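To start, the structure under review is shown below, and the notes come after it.
The values are calculated or read from the model by the stated rules, or taken from the named source; none is laboratory data. As the structure is a prediction and not an experimental result, all values here were calculated from the model. All Cβ positions, even for glycine, are placed from backbone atoms using ideal geometry, and neighbour counts span all protein chains on display.
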Amino acid sequence: MVENKVSRWCLLSMASIPLVMTLGNSMLIPVLPIFEKKVGITSFQSSTIITSYSLAAIFLIPVAGYLSDRFGRKIIILPSLILAFIGGIIAGFASWKLEDPFIWITVGRVLQGMGAAGATPIILPLVGDLYKDDDEQASSCLGIIETSNTFGKVLSPILGSLFAAFLWFLPFFSISFFSLISIVLVFFFIKVPKGKKEKPQPFKQFIKKTKDIFKQEGKWLFPVFLLGVYAMLVLFAVLFFMSDILEKTHNIEGVKKGFVLAVPLFTLCVAAFLTGKKIKGDTAVMKWVLIIALLMVSGSVIFVGFVYEKLILLLVVTSVLGTAIGAMLPTLDALITEGIEKEERGTITSFYSSSRFIGVAAGPPVMSIVMKEYLNISYIASGVMGALLLVIVLIFIKADEGKSEEKTA
């Protein structure tokens, strides 16, 4: 039997990973207009600085999940954090020394994305390992992990703007610094529960078992994946849009812009923390949280394009949106972590994390394309998508989902 006593340092170490990886992506959003001017690139090209990170993560996350199930969580997390550290050094050095650094910035971002692929998604199954058979503590811990993730989003625009005010490429180097801190914490303080060491599962058997899981649990897993894509797509599209219009429409730049961007992200952070505390492994409550959150997202996102010229109204609308997304994220984490047995947990959570990165990757470039000609149409379409997902949740996510132990019994 695994003890559920987890030290505060261990919890802090786990929380540092999503914090660092969030800083690694979100910190660059407020300074993308600066990159465009300094490097001489278009708005679409600057959006690929975010997208290249996410695309690398999308394809490698399932592999990392498979390896973590077979070889152990910590063995995969540490090299991944080191890779993120190296990627930040490459991107920062290229920005500092090269006349045309865009290609090498992209290479560094891809390496960071590979690091994110091997670190971030493994935290969810690691929480499940540490709090085995204790759904309430697991939900609470997941709330803290997701809050760390969202707190990183709150800090990101402020820190990114602050660093760029000194040197425009300093955000790249700062990512490596934060990665180094996380490496030290993980190495010394995360103690993975000891159990019987299994031989690596043959890859063909792994593929077959994964297919079987999706056949058995797909009716609620696929909607959860879609919700993950949708939440991050809307969030990063809105953040990219706000970063652009705050300068062009409201003449808000630098650190002040970072604080303005942090307002809706702060509501997201608070909602994630409170939701993680309240759901306590209760799938009926989780379903209601998703229903209410989707109603809030659908009802608020359609107004973003109509109110962007009025800063206060824009912040009110995006704060409602942030609150809704903040409630969704720990709920989706808990559904998957508590709904899949330990042996397959790393694999399935990795697919879920990969789905979230699809939304992160798509948001900025899609917004860069539609915001000039089809701004209001795109936000209305986002609201309609949220309404459709609400119907899917009502039909396919039942109050007894997310309890693999009961199903096995």
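For (1) of a type in the set (Phe, Trp, Tyr); (2) surrounded by fewer than 20 Cβ atoms within 10 Å (Cβ to Cβ); (3) out of contact with any Lys or Arg (no Cβ under 9 Å at 6 or more places or on another chain); (4) not in a loop (DSSP other than H, G, I, E, B), each residue gets a yes or a no:
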| residue | (1), (2), (3), (4) |
| --- | --- |
| Ser176 | no, no, yes, yes |
| Ser179 | no, no, yes, yes |
| Leu227 | no, no, yes, yes |
| Ile245 | no, yes, yes, yes |
| Asn251 | no, yes, yes, no |
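The rows are residues; the columns are (1) over 30 Å from Leu130 (Cβ atoms); (2) of a type in the set (S, T, N, Q).
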position: Phe306; (1), (2): yes, no
position: Glu309; (1), (2): yes, no
position: Pro330; (1), (2): no, no
position: Thr337; (1), (2): no, yes
position: Lys372; (1), (2): yes, no
position: Gly383; (1), (2): yes, no
position: Val391; (1), (2): yes, no
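Quick grid of which residues meet (1) modelled with pLDDT under 90; (2) of a type outside the set (Lys, Arg); (3) over 25 Å from Pro33 (Cα atoms):
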| site | (1), (2), (3) |
| --- | --- |
| Lys257 | no, no, no |
| Leu261 | no, yes, no |
| Phe273 | yes, yes, yes |
| Leu290 | no, yes, yes |
| Leu295 | no, yes, yes |
| Leu313 | no, yes, no |
| Val316 | no, yes, no |
key: Every residue from the range 140-151 that is in contact with a Gly (Cβ under 9 Å, 6 or more places away or on another chain) and within 25 Å of Gly254 (Cβ to Cβ)   = Thr150
inquiry  = When you scan the range 11-32, do you find a residue that is surrounded by fewer than 21 Cβ atoms within 10 Å (Cβ to Cβ), over 27 Å from Phe163 (Cβ atoms) and touching a helix residue (DSSP H, G or I) at 6+ places or on another chain (Cβ under 7 Å), even just one?
reply    = yes
ask   = Is it the case that some residue within the range 9-17 is at pLDDT below 85 and of a type in the set (Val, Ile, Thr)?
value = no
request  = Show the residue pairs that are 6+ apart or on different chains and have beta-carbon atoms under 7 Å apart, the first residue being within the range 242-261 and within 18 Å of Ser319 (Cα to Cα), the second being assigned to a loop (DSSP other than H, G, I, E, B) and of a type in the set (Val, Ile, Thr).
outcome  = Leu246/Ile252; Val260/Ile252
ask   = How many residues, within the range 216-262, are in contact with a Phe, Trp or Tyr (Cβ under 9 Å, 6 or more places away or on another chain), among the small types (Gly, Ala, Ser) and farther than 30 Å from Ile395 by Cβ?
value = 0
message = For a quick check of your reading of the model, give me the residue pairs whose first member lies in the range 298-319 and is surrounded by fewer than 20 Cβ atoms within 10 Å (Cβ to Cβ), whose second is part of a loop (DSSP other than H, G, I, E, B), with beta-carbon atoms closer than 7 Å and at least 6 apart or on different chains.
response = Glu309/Thr249; Leu311/His250
Check on Ile61, under 24 Å from Cys141 (Cα atoms) and without any contact (Cβ under 8 Å) to a residue 24 or more places away in the chain = no
task = Find the residue count for the range 334-356, including only residues that are over 18 Å from Phe396 (Cβ atoms) and modelled with pLDDT under 85.
result = 12
Conditions (1) closer than 30 Å to Lys398 by Cβ; (2) surrounded by fewer than 22 Cβ atoms within 10 Å (Cβ to Cβ); (3) in contact (Cβ under 8 Å) with a residue 40 or more places away in the chain: number failed by Lys278 = (3)
Candidates Ile90, Ile82, Ile105, Ile58 - the one that is under 27 Å from Val154 (Cα atoms), in a helix (DSSP H, G or I) and within 17 Å of the chain's Cα centre (by Cα) = Ile58
Per-region count, the range 132-172, residues surrounded by fewer than 24 Cβ atoms within 10 Å (Cβ to Cβ), within 25 Å of Ile76 (Cβ to Cβ) and either among the aromatic types (Phe, Trp, Tyr) or at pLDDT 85 or above (or both) = 1
request  = Can you work out which of the residues in the range 190-211 that are in a helix (DSSP H, G or I) and either modelled with pLDDT of 85 or more or of a type in the set (Lys, Arg) (or both) is nearest to Ile395 (Cα to Cα)?
outcome  = Lys211
key: Those residues of the range 176-191 which are under 19 Å from Gly152 (Cα atoms) and touching a Phe, Trp or Tyr at 6+ places or on another chain (Cβ under 8 Å), in sequence order   = Ser176, Ser179, Leu180, Ile183, Leu185
